[in-house]
Each structure stands twice: as structure tokens, then as C-alpha cells.
Amino acid sequence: MKDFKTRDYVKTLINQFQKIHVQLFSIVLAFVINSLILLVVGYNPIEVLINVFKGALIGRGNIGSSLVTMTTILLTGLAFLTSIKCGLFNIGMQGQFVVGAFMASLVGFTFSLPAPLHILVSLLAGALGGILWISPALILKLKKNASVLLSTLMLSFIAPYLGLFLVRVPFSNPDTAAADTPYINASAELPRILPPSNVNIGLIISILVAILLYVFLWKTEMGYKIRAVGFDKDVSHFMGIDVSKYRSTGFILSGGLAGLGGAVQVLGVWNRFFMMESAAGFNTSPGWMGIPVGLVSGLHPIGAIFSSFFFGALNSGFQYIDLATNVPAPFSGVFLGTIVAIISTPLIIKNIEERFLKRLGIVGEGK
Amino acid sequence: MVLGIISSILAATIRMTIPIILPAFGGLISERSGVLNIGLESMVAGGAFGGALFTLISGDPYIGILGSIVFGVVIAAFFSIFTVKFSGDQVIVGLGFNFLLAGLLPFLSARIFDYRGGSPGVSGLGSWSVGAFDFTIFDPLIVILPILAYVFLYKTNLGYKVRAVGREPFVADVSGIRVFRLKYLCVILSGALAALGGAYLALSVSNRYIMGISAGRGFIAIAAIRLGDWKPRKIMAASLFFAFLFALQIAFQGSWIPTELFLMAPYLGVIAVLGGIVGSISPPSKFEPYSRD
């Protein structure tokens with residue numbers, strides 16, 4: 001009897017665990033796979049991972065840089081999960097991020113307004129930039145039923161060249177030789193909250209946005225309808241919900257959130273606009289990072305707060321080992337890739353788990 | 001003068017067609033078997049890296065081509081394990097592979113070549129000059145590939161089975177076709193073709209591997225398949241069109257027009273095309289993982 005009870009206890013634990021186990025398992029599995037890759041290429045994976053941990057979490061500066069990355073990728077991650085919730089797949093957060101960042105800097109350096117108002121206007125300009133850059137995809141979807149996957153992706157490939165052009169020709173800073181816009185006015189800068197690092201109130205803003213998004217999507221009628229059309233558009237249509245209206249709302253919201261991410265990056269950290277990665281393509285820029293953040297969040301805004309912290313820390317850790325131990329930072333892309341690939345393949349995790357549980361004798365052989 | 005520009009654009013268009021048409025036909029085969037290969041882009045990049053690496057090791061670009069095929073096949077094999085064996089979401093797994101290779105290649109490049117931005121120069125493929133045109137052994141593929149793909153898909157038993165697997169995997173399975181085996185085959189074939197496109201970029205266009213060398217060509221190939229309505233002849237035409245947009249930036253290098261505008265032309269082209277595709281663009285296959293339960 002006693003034996004039975006402990007098994008029961010384990011079972012309830014597993015049930016509690018069930019909600020986040022896919023996320024956790026894929027992260028663990030990604031760590032295992034990446035350690036193997038590091039081993040093959042000739043590094044000591046344990047040493048590397050200890051250094052990544054140090055660079056992510058030990059010391060004020062390192063935590064600071066983790067939180068700075070988290071600030072932006074939380075917003076782009078929210079953008080990604082909103083788009084999945086409404087059923088239109090936006091993977092072009094990078095484009096919306098770039099255009100949003102540029103718009104925020106434009107408002108930041110051209111106008112002089114009192115501080116809180118200037119910040120608010122610049123943030124709105126960033127969100128508007130994101131909406132501007134997602135709208136072609138929406139129009140093509142509504143008018144021609146074109147694949148938003150391809151259109152948002154292509155818009156992301158165009159944006160870096162647009163950004164380069166803007167900082168090189170019409171809006172280049174006359175005082176520097178580098179390709180960037182003039183610095184924004186001090187009244188538009190987001191105040192720093194952990195002095196030596198770049199952590200700014202953008203972090204609080206983005207966490208607030210996450211909570212608001214949760215309230216909007218789960219506690220309001222409109223949010224409920226957006227999730228409904230994303231869940232099953234045919235049934236929603238049958239129930240009398242205007243599918244294209246609510247899908248569009250969610251899609252535009254997604255673009256706005258990614259644009260807001262760009263604005264927070266410019267107003268809080270860069271204080272001007274420039275192109276971090278000049279070439280089009282996948283990289284670990286905040287816009288692209290929204291995809292893994294959104295996936296690991298379990299498509300839940302509150303989960304995104306945790307997943308964005310994880311990926312922010314990962315990014316900061318790899319920046320650190322690049323300098324400290326000469327393991328190239330792009331390796332964090334391998335991490336992102338393995339996590340994304342595994343998390344979208346739940347059967348792998350299920351197979352491993354079942355084998356593991358069978359060995360423990362928790363799941364019967366009959367299954 | 002005008003004639004010179006026209007012939008240089010024409011020559012550049014032919015050169016730029018190869019790295020689009022190869023992944024496009026790879027993608028076609030894979031899509032006809034029911035796997036939407038969003039990972040094509042990563043396979044093009046991997047092929048370019050493999051091509052440069054093996055050429056540097058052996059000194060022979062033809063061994064480099066074989067090396068790039070190895071890279072493409074390995075990446076595609078992993079992709080097929082995720083999408084075919086374990087029924088992963090084809091789009092998100094594909095995106096994951098793009099992240100993975102975008103991180104892995106600079107990492108390996110830094111480890112092997114001591115520079116994360118690319119490899120040292122490699123001895124390129126030989127070419128034959130005819131007037132303004134330089135031909136490599138890849139160029140005939142522009143004509144041969146569509147014919148081969150047509151014959152394979154529509155005139156052979158195997159191609160007929162591939163299309164059946166894409167259209168109705170369950171029915172195909174019931175009638176004794178080895179669904180999984182054919183899907184693996186098609187995905188791996190698409191990886192090999194995409195990698196060949198990458199090898200051409202590394203060995204004939206830039207004569208080295210550079211970070212970001214694929215420049216979205218894998219995705220443009222997917223757009224070309226869509227624009228070409230999954231028909232070999234039309235896909236060839238679509239590839240030529242996108243190649244023309246890539247060729248513009250070569251032809252107008254150093255002119256007064258900002259280069260960025262030409263660099264974004266191919267992607268703008270895709271968006272314009274998406275807006276212009278008339279009629280139905282519903283794919284002939286079901287892009288869903290197949291399982292027997």
C-alpha cells in the first residue's frame with residue numbers, strides 16, 4: 001500500500017509538471033545536444049556552460065546586460081505569441097523592430113517635448129512603425145490571401161537595407177563617420193534604474209505590457225474573440241464572430257508590440273538608431289529572438305516574462321564567453337535553433353519521457 | 001553602352017538563376033511529397049560552407065561540390081527526422097534550422113578559418129567565355145533541371161508515387177506505397193539540390209564562403225515554387241525572374257542609385273509577386289506530418 005501511495009504522489013507531481021514540461025525538456029535536451037556539439041568541435045562543454053552561467057547571472061554588470069536583452073525580446077516575444085493566438089503567423093518581428101526603432105529615434109531627435117510626454121510619443125511612434133511595417137502583409141492577406149509567412153519574412157529582409165539606407169543618406173548623423181542617426185534628445189531617454197548597467201524603466205514597461213496583454217487576451221471579450229478565431233476560425237465564423245476583423249486586430253497588435261520593442265531599445269539603450277546586423281538573414285537580433293521567446297513561453301504572456309529572461313541571460317552569457325574564453329558568440333544561435341526545433345516536435349520529448357517513465361515503472365507496459 | 005548593360009544584366013541573370021533554381025526544384029520535390037521545406041535557406045548556406053571547406057582541404061572545387069552535397073544531405077536528414085519521423089511542425093522546425101545554421105556556420109568558420117565572417121578565397125570552378133557570358137558546368141542545369149523534374153514527377157512510377165504521398169498520404173499508405181521512405185528520400189534530395197545551389201555561390205559567384213551568403217535565396221525559392229504553381233516550367237520562369245532582380249544589383253554596382261535599393265529588390269519582388277498571383281494558389285500537397293494513428 002505504501003508503495004502505491006508514493007507512486008500516486010509522483011503522478012500528481014507529474015501532472016503539475018505537465019504544463020511546462022515540454023518547455024523544460026526541450027531546454028534540457030538542447031543543453032545536452034549543444035554540449036555534444038561543443039565536445040565534437042573541441043571545447044570542454046562544462047567549462048563553457050559554467051562561463052555562460054557566470055556571464056549571464058554573476059555580477060551586476062552581467063545581470064544588467066541579461067535584463068537589457070530581456071527588455072526588448074520580451075516585447076518581440078509577446079508580438080510572436082499574439083500573432084499565433086490570432087491565427088496569423090507573424091515571423092517578421094525583425095522588420096517591425098527595425099522600423100519601430102527608427103521611428104522612435106526620428107521622434108526622439110526631431111522634437112523637444114517635456115520628458116514623460118516625449119517618451120510616450122516616441123514609444124507610440126515606435127509602435128506605429130511596427131504597425132506600418134506589418135500592414136503590407138495584412139493587406140496582401142486580406143486582398144489576395146497571400147501567405148503571411150513569406151510576406152512578413154520578406155519584409156524583415158527588406159528592413160535592414162532600408163535602415164542602412166536611412167542612416168547612410170537622409171538621416172545620417174553629420175557629427176560622426178559611423179552610419180547612425182543623431183542622438184535622441186535627453187527628454188526622450190528612458191531613465192536607467194541600475195546605474196552602472198543599461199537597465200532602464202523599459203524593463204518595467206515591457207513587464208507591464210505583458211501583464212496588460214494577458215488581461216486583454218484572457219479577460220476581455222475582444223481578446224477572447226481574437227483567441228477564438230486563432231483557435232478555430234470555422235467554428236468562430238459559425239458562431240457569428242467576424243473572423244477577418246479579429247484576426248487583423250491581433251495581427252496589427254503583434255506588429256505594434258514588435259515596433260514597441262524597437263522603440264524601447266532605442267530610447268533605453270542605443271539612444272540613436274543604427275543597424276546592428278547589416279546583412280539580411282537569421283541572427284540573434286532582438287526581432288528574431290522573439291520567435292524562441294514566444295515558443296518557450298507556452299504562448300502565454302506571463303510565461304514570456306520567464307522565457308525572455310532565460311534567453312536574455314543566454315545571450316548575455318554568450319556575449320561574455322566570446323570575450324572571456326574565445327568561444328564565438330554566434331553559438332547562441334545554435335542553442336536557439338535546437339530549442340525551437342525540439343519544442344515544435346513534442347513527439348521527441350514524449351518518446352524520451354515515456355521511455356524514462358517506463359523504466360521507473362510509473363507507466364504500465366500496456367500502453 | 002545600352003547593349004553592354006543589357007548583355008551584362010543578361011549574363012548576371014543566368015549566373016543568379018542557378019542558386020535559386022536548384023533550391024527551388026529541391027523544394028518542389030519535397031513539397032510534392034508533403035513536406036514544406038522552410039529549412040531550404042539553411043541548406044543553401046550549409047552547402048556554401050561545405051563547398052568552400054572541402055575545396056580548401058582538397059584544393060579541387062569538384063571535391064568541394066561533393067562536400068557541399070554531404071553538408072546538405074546531413075542537414076536535410078536531421079530536418080526529416082524532426083518533420084517526418086517525429087511529426088514536428090514543418091514551419092517552426094524549419095525556422096529552428098535556419099537559426100541553428102545561422103549560428104553554427106559562423107561558429108565553425110571562426111573555429112576552422114579563424115574568422116567568423118567567412119572563409120579564405122578558394123579556387124573557383126572553371127568557366128568558358130562566350131562573348132560577355134561565362135559558362136560553368138552548372139549553367140546547363142537551368143534547362144536540364146526542369147526537364148528532369150518534369151520527367152521524374154510526371155513520367156516515372158516513383159514520381160507518381162511521390163505525388164500520391166503528398167496528396168493523400170493515407171491512401172498511398174493503404175495502397176502499399178512506402179510513405180515514410182519516400183518522404184525521407186524527397187527531403188534529402190531537396191537538401192542535396194539546395195546545397196548545390198550554395199556550392200555554386202561559394203565556388204563560382206564569390207569564390208569563398210561569406211556569412212549570410214545565402215541571402216534569403218531559400219525563401220525566394222519557396223516563393224518561386226508558389227509563383228510557378230508547382231509546375232516545373234513555370235518554376236523555371238519564376239526563378240529567372242527573381243534572378244533578374246538579383247542581377248540588377250550586380251549590373252548597377254557603383255552607380256548613383258543607392259545600393260541598398262538594389263539589395264532589397266529581390267524581396268520587394270517576392271512581395272509584389274504575392275500581391276499579383278491571381279487565381280488559386282492552393283498547394284497540391286498536404287503539408288502535414290503523416291502518422292498511422
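The values are calculated or read from the model by the stated rules, or taken from the named source; none is laboratory data. These numbers come from a predicted model, not from an experiment. Counting neighbours? That spans all protein chains shown, and the Cβs are built from the backbone with ideal geometry, glycine included. The area values use the complete protein model at the heavy-atom level, side chains included, leaving out ligands, DNA and RNA. Shrake-Rupley method; radii C 1.70, N 1.55, O 1.52, S 1.80 Å.
When you look at A:GLU221, is it open to solvent by 50 Å² or more (accessible area, probe 1.4 Å) and in contact with a strand residue (DSSP E or B) (Cβ under 9 Å, 6 or more places away or on another chain), yes or no?
For A:GLU221, the condition - open to solvent by 50 Å² or more (accessible area, probe 1.4 Å) and in contact with a strand residue (DSSP E or B) (Cβ under 9 Å, 6 or more places away or on another chain) - is not met.
Here is a yes/no grid of residues against (1) assigned to a helix (DSSP H, G or I); (2) at pLDDT below 90; (3) over 18 Å from the mean Cα position of the chain (by Cα):
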residue: A:VAL229; (1), (2), (3): yes, no, yes
residue: A:TYR246; (1), (2), (3): yes, no, yes
residue: A:THR249; (1), (2), (3): yes, no, yes
residue: A:ILE252; (1), (2), (3): yes, no, no
residue: A:GLY259; (1), (2), (3): yes, no, no
residue: A:VAL264; (1), (2), (3): yes, no, no
residue: A:GLU277; (1), (2), (3): no, yes, no
residue: A:THR284; (1), (2), (3): no, yes, no
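Assuming B:GLY212 fulfils every condition listed in (1) in contact with a helix residue (DSSP H, G or I) (Cβ under 9 Å, 6 or more places away or on another chain); (2) modelled with pLDDT under 90; (3) away from chain A (no Cβ under 11 Å); (4) not in a helix (DSSP H, G or I) apart from one, which condition is it?
B:GLY212 satisfies every listed condition except (3).
Just checking, which of A:PHE231, A:PHE165, A:PHE216 is over 22 Å from A:GLY303 (Cβ atoms) and out of contact with any strand residue (DSSP E or B) (no Cβ under 9 Å at 6 or more places or on another chain)?
A:PHE165
Filter the stretch B:42-76 down to residues that are surrounded by 24 or more Cβ atoms within 10 Å (Cβ to Cβ) and without any contact (Cβ under 8 Å) to a residue 12 or more places away in the chain, then give me how many there are.
Of the residues in that region, 0 qualify.
Residue-wise test of (1) part of a helix (DSSP H, G or I); (2) touching a Phe, Trp or Tyr at 6+ places or on another chain (Cβ under 9 Å); (3) more than 30 Å from B:MET264 (Cβ to Cβ).
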site	(1), (2), (3)
A:LEU39	yes, no, yes
A:ALA56	yes, yes, yes
A:LEU113	no, no, yes
A:GLY126	yes, yes, no
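Could you tell me whether A:VAL340 is at pLDDT 90 or above and either touching a Leu at 6+ places or on another chain (Cβ under 9 Å) or surrounded by 21 or more Cβ atoms within 10 Å (Cβ to Cβ) (or both)?
So A:VAL340 fits the description; yes.
Could you please find all residues in the stretch A:193-210 being within 19 Å of A:ALA104 (Cα to Cα) and in contact (Cβ under 8 Å) with a residue 40 or more places away in the chain?
Matches in the stretch A:193-210: A:ASN198, A:VAL199, A:ASN200, A:ILE201, A:GLY202, A:LEU203, A:ILE205, A:SER206, A:VAL209.
Among the residues of the stretch A:131-151, write down those that are facing chain B (nearest Cβ under 10 Å) and either assigned to a helix (DSSP H, G or I) or hydroxyl-bearing (Ser, Thr, Tyr) (or both).
Of everything in the stretch A:131-151, those that are facing chain B (nearest Cβ under 10 Å) and either assigned to a helix (DSSP H, G or I) or hydroxyl-bearing (Ser, Thr, Tyr) (or both) turn out to be A:PRO136, A:ALA137, A:ILE139, A:LEU140, A:LYS141, A:LYS143, A:LYS144, A:SER147, A:VAL148, A:LEU149, A:LEU150, A:SER151.
Suppose we keep only residues that are touching a residue at least 40 places away in the same chain (Cβ under 8 Å) and within 12 Å of chain B (Cβ to nearest Cβ) within the stretch A:300-328. Which one would you say is nearest to the chain's Cα centre (by Cα)?
Among those that are touching a residue at least 40 places away in the same chain (Cβ under 8 Å) and within 12 Å of chain B (Cβ to nearest Cβ), it is A:PHE311.
Please work out which residue is most open to solvent (accessible area, probe 1.4 Å), limiting yourself to the stretch B:215-258 and to residues that are outside any loop (DSSP other than H, G, I, E, B) and among the polar types (S, T, N, Q).
This residue is B:GLN249.
Limited to the stretch B:134-153, what total is found for residues that are open to solvent by 70 Å² or more (accessible area, probe 1.4 Å) and assigned to a helix (DSSP H, G or I)?
Qualifying residue count, the stretch B:134-153: 5.
Collect the residues in the stretch A:241-286 that are of a type in the set (Gly, Ala, Ser) and open to solvent by 30 Å² or more (accessible area, probe 1.4 Å), keeping them in residue-number order.
Within the stretch A:241-286, A:SER244, A:SER278, A:ALA279 qualify.
What are the residues in the stretch B:170-203 that are of a type outside the set (Val, Ile, Thr), open to solvent by 20 Å² or more (accessible area, probe 1.4 Å) and more than 10 Å from the chain's Cα centre (by Cα), if any?
Answer for the stretch B:170-203, where residues must be of a type outside the set (Val, Ile, Thr), open to solvent by 20 Å² or more (accessible area, probe 1.4 Å) and more than 10 Å from the chain's Cα centre (by Cα): B:PHE170, B:ASP173, B:SER175, B:GLY176, B:ARG178, B:PHE180, B:ARG181, B:TYR184, B:LEU185, B:LEU189.
Which members of the stretch B:244-287 meet the condition of being of a type in the set (Gly, Ala, Ser), more than 25 Å from B:VAL35 (Cβ to Cβ) and touching a residue at least 12 places away in the same chain (Cβ under 8 Å)?
Those that are of a type in the set (Gly, Ala, Ser), more than 25 Å from B:VAL35 (Cβ to Cβ) and touching a residue at least 12 places away in the same chain (Cβ under 8 Å): B:ALA247, B:ALA251, B:ALA265, B:GLY269.
Please give the number of the condition A:TYR161 fails out of (1) surrounded by fewer than 22 Cβ atoms within 10 Å (Cβ to Cβ); (2) closer than 13 Å to A:MET275 by Cα.
Result: A:TYR161 passes all but (1).
Hey, among the residues in the stretch B:111-133 that are part of a strand (DSSP E or B) and open to solvent by 70 Å² or more (accessible area, probe 1.4 Å), which one's nearest to B:LEU182 (Cα to Cα)?
Across the stretch B:111-133, the extreme among qualifying residues is B:TRP128.
Might you check whether a residue that is over 30 Å from A:ILE63 (Cα atoms) and among the basic types (Lys, Arg) occurs anywhere in the stretch A:181-195?
Within the stretch A:181-195, none of the residues are over 30 Å from A:ILE63 (Cα atoms) and among the basic types (Lys, Arg).
Taking the conditions exactly as written (within 14 Å of chain B (Cβ to nearest Cβ) and crowded, with 24+ Cβ neighbours inside 10 Å), does A:GLY290 satisfy them or not?
In short, yes.
Give me the residue from the stretch A:89-116 that is in contact (Cβ under 8 Å) with a residue 60 or more places away in the chain, out of contact with any Leu (no Cβ under 8 Å at 6 or more places or on another chain) and surrounded by fewer than 24 Cβ atoms within 10 Å (Cβ to Cβ) and, out of that set, farthest from the other protein chains (Cβ to nearest Cβ).
Top of the filtered list is A:PRO114.
Determine if the stretch A:66-80 includes at least one residue that is open to solvent by 10 Å² or more (accessible area, probe 1.4 Å), within 14 Å of another protein chain (Cβ to nearest Cβ) and within 22 Å of the chain's Cα centre (by Cα).
no
Here is a list: A:ILE204, A:ILE226. Which entry is out of contact with any strand residue (DSSP E or B) (no Cβ under 8 Å at 6 or more places or on another chain) and surrounded by fewer than 21 Cβ atoms within 10 Å (Cβ to Cβ)?
Exactly one residue qualifies, and that residue is A:ILE204.
What pairs come out if I take residues in the stretch B:78-97 that are more than 7 Å from chain A (Cβ to nearest Cβ) and pair them with residues that are in a loop (DSSP other than H, G, I, E, B) and open to solvent by 30 Å² or more (accessible area, probe 1.4 Å) whose C-beta lies under 6 Å away, six or more apart or interchain?
B:GLN90/B:PHE287
Under 8 Å between Cβ atoms, which residue pairs at least 6 apart in sequence (or on different chains) link something in the stretch A:155-181 that is in contact (Cβ under 8 Å) with a residue 24 or more places away in the chain with a partner that is open to solvent by less than 10 Å² (accessible area, probe 1.4 Å) and of a type in the set (Ser, Thr, Tyr)?
Close Cβ pairs (under 8 Å, with a partner that is open to solvent by less than 10 Å² (accessible area, probe 1.4 Å) and of a type in the set (Ser, Thr, Tyr)) amount to A:LEU155/B:TYR267; A:PHE157/B:TYR267; A:ILE158/B:TYR267; A:LEU166/A:THR181; A:VAL167/A:THR181; A:PHE171/A:THR181; A:ASN173/A:THR181; A:THR181/A:SER105.
Under the condition of being in contact with a Gly (Cβ under 8 Å, 6 or more places away or on another chain) and within 11 Å of chain B (Cβ to nearest Cβ), which residue from the stretch A:269-287 is nearest to A:VAL99 (Cα to Cα)?
A:MET275
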